[in-house]
1. Quick one: in the range 19-38, of everything that is in contact (Cβ under 8 Å) with a residue 40 or more places away in the chain and touching a helix residue (DSSP H, G or I) at 6+ places or on another chain (Cβ under 6 Å), which residue is nearest to residue 6 (Cα to Cα)?
2. Looking at 276, 291, which is the one that is crowded, with 16+ Cβ neighbours inside 10 Å, over 27 Å from residue 174 (Cα atoms) and at pLDDT 95 or above?
3. Does the range 100-128 hold any residues that are closer than 20 Å to residue 28 by Cβ, in contact with a helix residue (DSSP H, G or I) (Cβ under 8 Å, 6 or more places away or on another chain) and without any contact (Cβ under 8 Å) to a residue 40 or more places away in the chain, and which are they?
4. Going by the structure shown, is residue 197 at negative phi and at pLDDT 95 or above?
5. Considering 162, 119, which residue is in a strand (DSSP E or B), farther than 20 Å from residue 10 by Cβ and either away from the ligand (no atom under 11 Å from the Cβ) or modelled with pLDDT under 95 (or both)?
6. Just need a number here: residues in the range 192-214 that are more than 15 Å from the chain's Cα centre (by Cα) and outside any loop (DSSP other than H, G, I, E, B).
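The values are calculated or read from the model by the stated rules, or taken from the named source; none is laboratory data. Since the model is a prediction, treat every value here as computed from it, not as a measurement. Cβ: placed from backbone, ideal geometry, glycine included. Neighbour counts: every protein chain shown.
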Ligand code: NAD
């Protein structure tokens with residue numbers, strides 16, 4: 001028994017292990033399984049490795065899995081926990097900004113297929129989420145910026161003041177990480193408490209993700225999730241203004257805030273528009289004829305709009 005947990009096991013990736021695993025293991029007296037880092041390993045093969053590692057380490061239905069890493073580790077460890085022996089408890093200890101403010105909250109777990117991201121998954125909320133902003137000090141600049149895309153998203157959805165803070169740029173963010181994390185987490189917690197299974201308003205969290213997921217996939221994951229979402233938000237906001245559903249200027253506000261954070265706002269020229277449209281159609285949340293977008297109406301208000309003409313969005 002470590003800290004009241006029966007036979008806990010830490011799941012982490014090689015980068016997080018390098019910086020933080022020793023301390024965590026000493027603290028918890030727990031075993032650890034280290035998986036390779038990166039979205040390209042968020043697949044069934046890694047899930048199988050985790051199931052086997054759980055077996056080899058004697059985990060039973062009372063054991064607890066501790067996901068110690070970014071969104072990739074959380075999604076994989078959470079999914080493995082949700083299916084191992086029909087479900088064991090897990091705890092999320094997110095180590096990226098993106099995982100703290102987004103991926104660790106809301107109970108979605110899963111992995112990618114070659115055809116698309118997150119096509120297989122389950123709802124299996126962690127028993128506890130422990131977000132310690134000091135873990136972010138070892139995060140690369142690129143990953144920190146990427147996480148800010150989801151923070152901006154949460155500002156646009158429900159916290160205009162947080163959105164305004166984001167416009168101050170990365171230096172301000174680095175000096176105010178605790179506040180940034182707390183406020184951005186609060187937005188998502190509030191939404192998923194109201195709509196845990198995405199029957200309604202939870203879908204507003206998909207802001208930027210319809211275009212974003214497609215861009216991420218077509219880039220062959222050269223763009224990070226956060227960078228792709230930044231592009232997605234800018235493109236979708238521009239569309240919303242162009243078709244007249246959004247308040248004028250909301251697109252410029254979003255674009256300039258993202259740029260101030262060093263995030264991209266345009267689809268790279270070399271990515272095929274046709275492939276992006278095809279990828280949007282495969283994305284799991286959409287039915288065939290039209291695709292439901294979460295579009296920003298103004299800062300602080302996002303609405304769901306069905307779009308049939310995808311060319312027009314790009
Ligand atoms: P990630 O887990 O790949 O982490 C990014 C990089 O940072 C990796 O190389 C990782 O090894 C490294 N890293 C992590 N913590 C570190 C630290 N403290 N110091 C140094 N390096 C560190 O990616 P991510 O951006 O955290 O998450 C993206 C994933 O999350 C995507 O797969 C996305 O689909 C998923 N996601 C899930 C949900 C959900 O609701 N389940 C929501 C949003 C995103």
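1. Among those that are in contact (Cβ under 8 Å) with a residue 40 or more places away in the chain and touching a helix residue (DSSP H, G or I) at 6+ places or on another chain (Cβ under 6 Å), it is 35.
2. Numbers: 291 fails: at pLDDT 95 or above.
None of the other options fit; the residue is 276.
3. Just the residues of the range 100-128 that are closer than 20 Å to residue 28 by Cβ, to begin with: 100, 104, 126-128.
Then keep just the ones that are in contact with a helix residue (DSSP H, G or I) (Cβ under 8 Å, 6 or more places away or on another chain); that gives 100, 104, 126.
Within the range 100-128, just 104 meets the criteria.
4. Numbers: at negative phi: yes; at pLDDT 95 or above: no.
Considered against the rule, which asks whether it is at negative phi and at pLDDT 95 or above, residue 197 comes out as no.
5. Values: 162 fails: in a strand (DSSP E or B).
So the residue among 162, 119 that is in a strand (DSSP E or B), farther than 20 Å from residue 10 by Cβ and either away from the ligand (no atom under 11 Å from the Cβ) or modelled with pLDDT under 95 (or both) is 119.
6. Residues of the range 192-214 that are more than 15 Å from the chain's Cα centre (by Cα), as a first pass: 193-201.
Pick out the ones that are also outside any loop (DSSP other than H, G, I, E, B) and you get 193-194, 201.
Adding up the residues that qualify gives 3.
One line per residue, one yes/no per condition, for (1) surrounded by fewer than 22 Cβ atoms within 10 Å (Cβ to Cβ); (2) closer than 15 Å to residue 133 by Cα:
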| position | (1), (2) |
| --- | --- |
| 67 | no, no |
| 78 | no, no |
| 86 | yes, no |
| 93 | no, yes |
| 100 | no, yes |
| 107 | yes, no |
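Conditions (1) outside any helix (DSSP H, G or I); (2) touching a strand residue (DSSP E or B) at 6+ places or on another chain (Cβ under 7 Å); (3) away from the ligand (no atom under 16 Å from the Cβ), marked per residue:
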| position | (1), (2), (3) |
| --- | --- |
| 45 | no, no, no |
| 50 | no, yes, no |
| 55 | no, no, yes |
| 61 | yes, no, yes |
| 68 | yes, yes, no |
| 74 | no, yes, no |
| 78 | no, yes, no |
| 91 | yes, yes, no |
